[in-house]
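One structure is given below, encoded as structure tokens.
No value in this document is a laboratory result; all are computed from the given coordinates. Only a predicted model underlies this, so the values are computations on that prediction, with no experimental measurement involved. A quick note on method: Cβ atoms are made from the backbone with ideal geometry, for glycine too, and the neighbour counts reach across all protein chains shown.
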Amino acid sequence: MSTPRASWRNTTHDWASGVDVEHLSQIRRNPAVFAPGGVRHLVLEVLAYAADEAESNGGGRCAVTLHPDGSVSVADEGRGTDTRVDEDGHVVKKPVMASKDLRFFDAPDAPLLPDGHPRRGMSVVAASSVWLVHTNRRRGGAWTQRYERGVPVTGLTPISDDGTTGTVVHFLPDEHLGGVGEGLAVESAGFAGQWGMLSVEVDDRRAR
């Protein structure tokens, strides 16, 4: 069902913002502030969204995969990122990757992630990655979209609907962030203990 964009209420992100280039640039200019600890912090930023979904659904599972090329993917079984159809029939996904999270990014009292640093939002992950592919499955549709340094380089590409819901965030972190730490592969129990109702598994494929 299509609805006018002007009627869409902003909760976590501004539907009208699209791509906030200055916001993304701010993140890239300040990696010590927005990605302290490197890749592990980016993984925690993604897991925080999966934990939100698990909390609202009474529980959930998430898989973190460390790939041989240095990329990381985080897959959850939540509802998928909010995606709507506007009055012109265009499919629009909430701009979680390319704009600021209104709840956390500028908040002086933003909640802390398990590494002790403030939660800022998914745009930190996108802006701090060479590329990021977001696969989004919702009831009624499924799409994938690719970003480079946080800027979308494709539109929403429809993919087959397999009857499941959830998201996969697959990203290649910038080299200056130091790569995936060796300790990340053995942190599944620690991750799970930090997220309450979210069960987390880590699959390290780098040495295979």
Work out from phi, with θ = phi - 60° and the Karplus expression 6.51 cos²θ - 1.76 cosθ + 1.60, the ³J(HN,Hα) of each residue of the range 64-69, listed in order in whole Hz, and give x for Gly and Pro.
9, 10, 9, 8, x, 7
In whole Å, how far is the Cα centre of the range 108-159 from that of the range 60-99?
6
Whole-Hz Karplus couplings 3J(HN,Hα) for the range 8-16, θ = phi - 60° and coefficients 6.51, -1.76, 1.60, Gly and Pro as x, run 6, 7, 7, 10, 9, 9, 8, 4, 8
For the chain, what does the helix formula give at 222 nm: sum of -39500 (n - 2.57) over DSSP H segments with n ≥ 4, over the residue count, nearest 500 deg cm²/dmol?
-6000 deg cm²/dmol
Fewest-first sequence of W131, W143 by Cβ atoms within 10 Å of each Cβ
W131, W143
If you line up the long axis of helix 39-57 against the longest principal axis of the chain, both from Cα atoms, how many degrees apart are they, to the nearest 10?
50
For the chain, what is the per residue volume of the convex hull drawn over the alpha-carbon atoms, in cubic angstrom?
126
